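Take a look at the structure set out below.
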2 protein chains.
Amino acid sequence: MSQINQEQYLQQLGNNAKQASYALANLTASQKAGLLEAIADALTENAAAILAANAKDVAAAKADGLTDAMIDRLLLDDARLAGIIGDISDVIRLADPVGEEFGSKLLYNGLRLTRRRVPLGVIGVIYEARPNVTVDIAVLALKTGNAVILRGGKETLASNKLISDVIRGAIVAQGLPIDAVQFIDSSDRSLVTGLLKLDQYVDMIVPRGGQALQRLCAEQATIPVILGGIGICHLYVDKNADLERALEVIANAKVQRPTVCNALDTLLVDERVASTFVPQIAEYLHRLGVRFSVCEQSFALLDGLGFDVTLAKAEDFGIEWLSLTLGIKVVGDIDAAVGHIRQYSSGHSEAILTDDIHAAAHFMNQVNSAAVYVNASTRFTDGGQFGLGAEVAVSTQKLHARGPMGLEALTTYKWLAWGDYTSRV
Amino acid sequence: MSQINQEQYLQQLGNNAKQASYALANLTASQKAGLLEAIADALTENAAAILAANAKDVAAAKADGLTDAMIDRLLLDDARLAGIIGDISDVIRLADPVGEEFGSKLLYNGLRLTRRRVPLGVIGVIYEARPNVTVDIAVLALKTGNAVILRGGKETLASNKLISDVIRGAIVAQGLPIDAVQFIDSSDRSLVTGLLKLDQYVDMIVPRGGQALQRLCAEQATIPVILGGIGICHLYVDKNADLERALEVIANAKVQRPTVCNALDTLLVDERVASTFVPQIAEYLHRLGVRFSVCEQSFALLDGLGFDVTLAKAEDFGIEWLSLTLGIKVVGDIDAAVGHIRQYSSGHSEAILTDDIHAAAHFMNQVNSAAVYVNASTRFTDGGQFGLGAEVAVSTQKLHARGPMGLEALTTYKWLAWGDYTSRV
């Protein structure tokens with residue numbers, strides 16, 4: 001696309017979405033449920049075609065030499081597609097946050113003031129690989145009366161294109177504007193940069209992807225961005241932790257699903273228990289396939305015992321491992337643990353294991369990440385686990401929404417005031 | 001400052017603020033009240049010196065040929081300073097939002113989950129002229145346990161520098177870190193751009209100033225920005241409005257304080273009442289000194305009657321007048337009014353005057369600005385009027401806070417979860 005064509009394309013895309021958002025904003029909960037049911041039906045009817053498109057993506061990915069893990073992420077089969085469609089029913093059953101009024105009051109001058117929860121308007125979502133995100137995000141956006149512009153990764157272009165076409169067909173069949181859902185059908189990367197600057201039309205950008213995508217959005221966007229999904233997560237073993245029960249919780253945080261953002265990256269161990277506990281946990285995790293990147297003190301405790309252990313450089317504690325590598329660092333006390341977390345954390349999830357109520361309270365007060373745990377695995381930071389019913393993203397910034405974002409994070413409010421030809425004195 | 005020095009200066013500034021924010025985050029409401037009282041006392045004790053510094057700013061402003069209106073904005077005298085200090089007592093009396101827990105629940109696995117309201121951390125505020133903002137923002141930030149970096153306009157450098165020094169002195173005297181409040185003591189504009197990229201330390205940027213500053217922040221910041229304070233406000237006179245009672249409300253919206261963001265910019269008049277009402281309101285407002293920039297239909301009604309009236313170009317309806325000029329446009333019906341508002345509004349405040357309940361409801365549902373009024377002046381969009389007790393800014397974006405921002409907008413929440421060595425299944 002030439003630069004002028006691209007500019008026109010983006011303006012049109014933005015304006016289409018904005019116009020569609022007006023039609024969506026005042027749909028009732030049952031109208032929106034009807035729409036989502038129609039989408040689920042249409043996806044079911046077109047399952048064979050969707051799987052065929054996905055097979056093309058898979059074949060191209062293999063030809064491009066993508067790893068098996070990456071191919072697995074983009075692969076759809078009957079069961080996975082049925083699961084994705086089944087999830088729509090769960091979203092239909094969630095309460096609709098739109099229309100709620102709150103904070104209502106009668107002002108001194110007789111004005112009746114309330115805040116009404118309304119859709120954000122237009123949401124832009126930029127994501128990678130998994131085709132399920134196309135369905136998830138479209139459904140969550142429509143459930144909350146928002147128009148959405150989707151930009152998926154080039155590895156799943158055929159799958160995403162067909163899925164979004166099927167969704168758009170269902171939208172039109174319900175008498176709603178087709179551009180309620182738009183999919184950027186191009187792998188041209190400069191379109192992403194252009195999308196980030198469509199502040200005239202787009203109200204929020206959600207990047208779902210790695211560090212490079214997050215930074216691109218933070219630096220280029222003139223639209224508010226929800227950064228998130230990067231988790232450099234810590235677990236601190238206090239001197240008063242139950243060291244036997246600690247083993248399983250730490251293993252859960254590290255190995256239950258090591259490739260996700262709420263998995264454990266760095267284990268901090270109080271030096272008063274380090275000499276016994278560091279070899280103990282290393283032994284426990286080693287059997288589960290874990291490698292270690294550790295501080296000098298830990299290295300001295302672990303070297304030569306047959307573990308896969310390397311001495312960490314300071315900056316290694318800033319790595320989100322997303323794998324079976326675990327950082328281990330011995331710290332002098334709880335405040336040193338808090339200090340380490342403040343320096344290296346991405347503000348996602350941190351945990352303390354302790355039987356000391358004072359240590360637990362101190363950790364909760366001093367650590368200011370999106371989720372702070374006492375005696376629990378970091379793996380719970382998730383919309384489903386937190387009972388939100390759905391998850392748009394996990395925010396690691398402090399504005400608007402923090403941690404797992406549910407439906408409410410796709411809404412805002414407007415102030416409504418009723419007067420009787422009321423003037424300000 | 002050289003570029004390297006500036007980079008070091010900004011890093012130091014950011015880090016100082018972040019460190020100070022840790023000490024502020026867990027202060028109790030009464031500790032914060034004590035701090036604010038100490039600040040009020042210190043400002044009172046140093047009143048003569050503050051007024052002397054302000055006199056320097058005023059003399060420099062006169063020498064630079066600033067307008068009387070601009071000089072009046074930066075001028076302090078005994079009464080104004082006493083007023084600013086008196087406002088601190090009002091903030092002390094407001095409820096402290098920090099520490100509130102909400103949305104608490106017991107999850108299926110025994111985890112006790114709650115959300116606790118906490119300070120944002122570090123807030124950067126960039127503002128122009130008025131020295132009262134230095135006190136207001138410092139006090140609101142400290143009340144909510146936040147550290148703040150202030151960057152005022154060069155016209156009030158001497159006043160702001162002394163005021164912030166007095167505040168910092170009071171902070172230290174309370175045993176708290178001096179860098180809880182920092183003031184950028186330089187009119188070097190590139191420092192602003194640098195501040196906007198300190199995302200490692202600063203959690204939110206609030207620009208309080210005109211369109212150019214807002215755009216600079218939207219385009220340059222890598223930190224979440226609260227845009228706001230630009231009000232292209234509309235009032236629609238429906239065909240079923242009480243035209244006699246309408247006159248005073250419109251006059252209030254336009255002339256009570258024409259230089260502020262919630263003042264009326266464009267009057268939309270239903271064409272079924274235009275031929276009687278447009279000349280009537282023009283006559284009413286003309287006596288109050290109002291000039292008119294109007295559509296062709298209005299021009300035909302008003303030309304030659306002795307009013308100060310010009311024919312508006314389409315883009316003139318996108319002007320925030322901040323003066324006694326009023327745009328007038330005749331529209332076909334309520335949906336044409338809504339369409340005009342969607343095209344030209346900055347999302348700040350809009351009003352309808354009508355006795356028709358259907359028109360009122362339709363307008364409230366269809367217009368999606370921060371504040372929407374039925375039968376009231378747009379001039380109410382204000383933290384004080386809305387009963388928030390204080391106002392950080394008026395947000396015209398949809399994320400985090402919308403419309404008048406009170407203390408709660410300076411906070412976020414963290415998720416806290418208590419388990420019993422709980423692992424995810």
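For the subset of the stretch A:200-218 comprising residues that are in contact with a strand residue (DSSP E or B) (Cβ under 7 Å, 6 or more places away or on another chain) and free of Cβ contacts under 8 Å to residues at least 24 places away in the same chain, which member is farthest from A:E320 (Cα to Cα)?
Here the answer is A:A218.
Check whether at least one residue in the stretch B:51-63 is outside any helix (DSSP H, G or I), assigned by TED's automatic domain parsing to the domain that holds B:L198 and of a type in the set (A, V, I, L, M, F, W, C), and report yes or no.
no
Does the stretch A:392-405 hold any residues that are open to solvent by 10 Å² or more (accessible area, probe 1.4 Å), more than 7 Å from chain B (Cβ to nearest Cβ) and not in a strand (DSSP E or B), and which are they?
Correct list: A:T396 only.
So which of A:A63, A:A95, A:A138, A:A180 is over 29 Å from A:T412 (Cα atoms) and of a type outside the set (S, T, Y)?
Just a single option satisfies the conditions, and that option is A:A63.
Among the residues of the stretch B:197-204, are any under 19 Å from the mean Cα position of the chain (by Cα), within 29 Å of B:T259 (Cα to Cα) and open to solvent by less than 20 Å² (accessible area, probe 1.4 Å)?
yes
Name the one entry in B:V172, B:V139 that is in contact (Cβ under 8 Å) with a residue 40 or more places away in the chain, of a type in the set (V, I, T) and either away from chain A (no Cβ under 14 Å) or not in a helix (DSSP H, G or I) (or both).
So the residue among B:V172, B:V139 that is in contact (Cβ under 8 Å) with a residue 40 or more places away in the chain, of a type in the set (V, I, T) and either away from chain A (no Cβ under 14 Å) or not in a helix (DSSP H, G or I) (or both) is B:V139.
Would you pick out the residues in the stretch B:51-74 that are buried (at least 19 other Cβ atoms within 10 Å of the Cβ) and without any contact (Cβ under 8 Å) to a residue 24 or more places away in the chain?
Matches in the stretch B:51-74: B:V58 only.
Among the residues of the stretch B:115-122, are any of a type in the set (G, A, S) and either at pLDDT below 95 or out of contact with any Ser or Thr (no Cβ under 8 Å at 6 or more places or on another chain) (or both)?
For the stretch B:115-122, residues of a type in the set (G, A, S) and either at pLDDT below 95 or out of contact with any Ser or Thr (no Cβ under 8 Å at 6 or more places or on another chain) (or both): absent.
Return a yes/no flag: does the stretch B:92-110 have any residue that is open to solvent by less than 10 Å² (accessible area, probe 1.4 Å) and either among the small types (G, A, S) or modelled with pLDDT of 95 or more (or both).
No, the stretch B:92-110 has no match at all.
So B:E350 ticks every box in (1) among the charged types (D, E, K, R); (2) within 12 Å of another protein chain (Cβ to nearest Cβ); (3) over 29 Å from the mean Cα position of the chain (by Cα) but one. Which box is left unticked?
B:E350 satisfies all of (1) among the charged types (D, E, K, R); (2) within 12 Å of another protein chain (Cβ to nearest Cβ); (3) over 29 Å from the mean Cα position of the chain (by Cα) except (3).
State whether the residues of the stretch A:407-414 include one that is outside any loop (DSSP other than H, G, I, E, B), without any contact (Cβ under 8 Å) to a residue 12 or more places away in the chain and of a type in the set (F, W, Y).
No, that holds for no residue.
For the stretch B:318-330, enumerate the residues that are polar (S, T, N, Q) and either crowded, with 16+ Cβ neighbours inside 10 Å or in contact with a helix residue (DSSP H, G or I) (Cβ under 9 Å, 6 or more places away or on another chain) (or both).
Result: B:T325, single match.
Considering only residues of the stretch B:21-71 that are modelled with pLDDT of 95 or more and of a type in the set (V, I, T), which is nearest to B:V118 (Cα to Cα)?
Looking at the filtered set, the residue picked out is B:T28.
Could you tell me which numbered condition A:L196 fails, if it satisfies all but one of (1) within 14 Å of chain B (Cβ to nearest Cβ); (2) over 19 Å from A:A212 (Cα atoms); (3) in contact with a strand residue (DSSP E or B) (Cβ under 9 Å, 6 or more places away or on another chain)?
The one condition A:L196 does not meet is (2).
From the set of residues in the stretch A:1-50 that are outside any helix (DSSP H, G or I) and surrounded by 15 or more Cβ atoms within 10 Å (Cβ to Cβ), which is farthest from the other protein chains (Cβ to nearest Cβ)?
Selected residue: A:N46.
Could you identify the single residue in A:A246, A:A241 that is out of contact with any Cys (no Cβ under 8 Å at 6 or more places or on another chain), under 30 Å from A:A351 (Cα atoms), open to solvent by less than 20 Å² (accessible area, probe 1.4 Å) and assigned to a loop (DSSP other than H, G, I, E, B)?
On inspection, the qualifying residue turns out to be A:A241.
How many residues does the stretch A:368-384 contain that are in a loop (DSSP other than H, G, I, E, B) and either within 7 Å of chain B (Cβ to nearest Cβ) or buried (at least 22 other Cβ atoms within 10 Å of the Cβ) (or both)?
The qualifying residues number 5.
When B:N240 is evaluated against the numbered criteria (1) in contact with a helix residue (DSSP H, G or I) (Cβ under 8 Å, 6 or more places away or on another chain); (2) within 14 Å of chain A (Cβ to nearest Cβ); (3) under 25 Å from B:T396 (Cα atoms), which criterion, by number, is the only one it fails?
Single failed check for B:N240: (3).
Tell me the residue from A:A253, A:A282, A:A221, A:A274 that is in contact (Cβ under 8 Å) with a residue 60 or more places away in the chain and either surrounded by 18 or more Cβ atoms within 10 Å (Cβ to Cβ) or within 12 Å of chain B (Cβ to nearest Cβ) (or both), please. Before the answer, list the steps.
Values: A:A282 fails: in contact (Cβ under 8 Å) with a residue 60 or more places away in the chain; A:A221 fails: in contact (Cβ under 8 Å) with a residue 60 or more places away in the chain; A:A274 fails: in contact (Cβ under 8 Å) with a residue 60 or more places away in the chain.
When all the criteria are applied, what remains is A:A253.
Run A:C261 past the list (1) closer than 29 Å to B:R112 by Cα; (2) open to solvent by 60 Å² or more (accessible area, probe 1.4 Å) and report the number of the one that doesn't hold.
That leaves (2) as the condition not met.
Quick check: anything in the stretch A:200-208 within 14 Å of another protein chain (Cβ to nearest Cβ), out of contact with any Gly (no Cβ under 9 Å at 6 or more places or on another chain), closer than 18 Å to A:L10 by Cα and not in a loop (DSSP other than H, G, I, E, B)? Steps first, please.
First, the residues of the stretch A:200-208 that are within 14 Å of another protein chain (Cβ to nearest Cβ): A:200-207.
Next, only the ones that are out of contact with any Gly (no Cβ under 9 Å at 6 or more places or on another chain) stay: none.
Checked the stretch A:200-208: no residue is within 14 Å of another protein chain (Cβ to nearest Cβ), out of contact with any Gly (no Cβ under 9 Å at 6 or more places or on another chain), closer than 18 Å to A:L10 by Cα and not in a loop (DSSP other than H, G, I, E, B).
Condition first: among the charged types (D, E, K, R) and surrounded by fewer than 18 Cβ atoms within 10 Å (Cβ to Cβ). Can you find one or more residues in the stretch A:138-146 that meet it?
Looking through the stretch A:138-146, none of the residues is among the charged types (D, E, K, R) and surrounded by fewer than 18 Cβ atoms within 10 Å (Cβ to Cβ).
Which is open to solvent by 50 Å² or more (accessible area, probe 1.4 Å), in contact with a strand residue (DSSP E or B) (Cβ under 7 Å, 6 or more places away or on another chain), at pLDDT 95 or above and closer than 24 Å to A:R245 by Cα, of A:D333, A:D355?
A:D333
Test B:S369 against the criterion of being over 30 Å from B:I84 (Cβ atoms), free of Cβ contacts under 8 Å to residues at least 40 places away in the same chain, within 17 Å of the chain's Cα centre (by Cα) and not assigned by TED's automatic domain parsing to the domain that holds B:L111, and give yes or no.
yes
What single numbered condition from (1) surrounded by fewer than 22 Cβ atoms within 10 Å (Cβ to Cβ); (2) touching a strand residue (DSSP E or B) at 6+ places or on another chain (Cβ under 8 Å); (3) under 30 Å from A:N375 (Cβ atoms) fails to hold for B:E128?
(3)
Quick check on this structure: which one of B:T266, B:T222, B:T259 is at pLDDT below 95, touching a helix residue (DSSP H, G or I) at 6+ places or on another chain (Cβ under 9 Å) and under 30 Å from B:R130 (Cα atoms)?
When all the criteria are applied, what remains is B:T259.
Tally the residues that are in a helix (DSSP H, G or I) and closer than 15 Å to B:T378 by Cβ, restricting the search to the stretch B:341-364.
Selection size over the stretch B:341-364: 4.
The values are calculated or read from the model by the stated rules, or taken from the named source; none is laboratory data. Note that the coordinates shown come from a computational prediction; the quantities given were computed from them, not determined experimentally. Neighbour counts are summed over all protein chains in view; Cβ atoms, including those assigned to glycine, are modelled from backbone coordinates with ideal geometry. Note: accessible area is taken over every heavy atom of the protein model, side chains too, but ligands, DNA and RNA are not part of it. Shrake-Rupley method; radii C 1.70, N 1.55, O 1.52, S 1.80 Å.
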